[in-house]
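J.: Just passing along the structure, written as C-alpha cells.
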C-alpha cells in the first residue's frame, strides 16, 4: 500500500466519524471495514523513522466533544471488556467511543499538515500508532467484530 492510500484511508475514516449520527445508519459498518485497511497501511510504513519529538497535539476540547457525541451515539454498544480483564469481572473498562476518538484525533490532526509536511505526518502517525492509537485500533476492531457477530453494527 502506498502513502497516498494511507492519506485517503485517513480522510475516509475521518469523514465517516464526522457524519456519524447524521442519518447514516451504516457509519459503524464502514468504520469496521476501514480499520483493518488502515492498520495494514500504517504497518507498511515500518521503514520510516521519526526524527523529532511529536508535534501533532490534538485540541482536547474538540476531542472531548467528539468522545461525548460518539458515546451517546453508541449507547450500550460502547463499553466492552478489555483482554486483560478477568472473566466474570462486572466492570466494563473499554470504550469504543474512546478508541474511535483517539484514532480520529491522531488522523485528523495529521491531515491538517499533510500538504505541507507529508513525510513528517507519516512518521508521526507511525510512531503514534506504535505507542498509543494502534492499541485503540486493535481494541476497536475486536469489539466491532463482536458487535457484527451479534448483528449490532446498525444503529
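Any read-out appearing in this document is the output of simple, stated calculations on the displayed coordinates, not a laboratory observation. Predicted model, so just to flag it, every value in this text is computed and none were measured. In this analysis, Cβ positions are derived from the backbone assuming ideal geometry, glycine residues included, and neighbour counts consider all displayed protein chains.
J.: Could you give the length gained on full extension between residue 43 and residue 2, defined as 0.36 nm per residue of separation minus the Cα-Cα distance, in nm?
T.: Between residue 43 and residue 2, full extension yields an extra 13.7 nm.
J.: Here is a follow-up. Under a crude label model (7 Å from the Cα following the beta-carbon direction), how far is residue 154 from residue 82 in nanometres?
T.: A separation of 3.4 nm, rounded to one decimal place.
J.: Right, here's the next one. What's the extension gain from residue 22 to residue 93 if we count 0.36 nm per residue and subtract their Cα-Cα distance?
T.: Net length gain for the segment: 22.8 nm.
J.: Could you rank the peptides 107-120, 133-146 by their average count of other C-beta atoms within 10 Å per residue, with the highest value first? Show your work: numbers first, answer last.
T.: Values: 107-120: 15.9, 133-146: 18.4.
Averaged packing, sorted descending, gives the order 133-146, 107-120.
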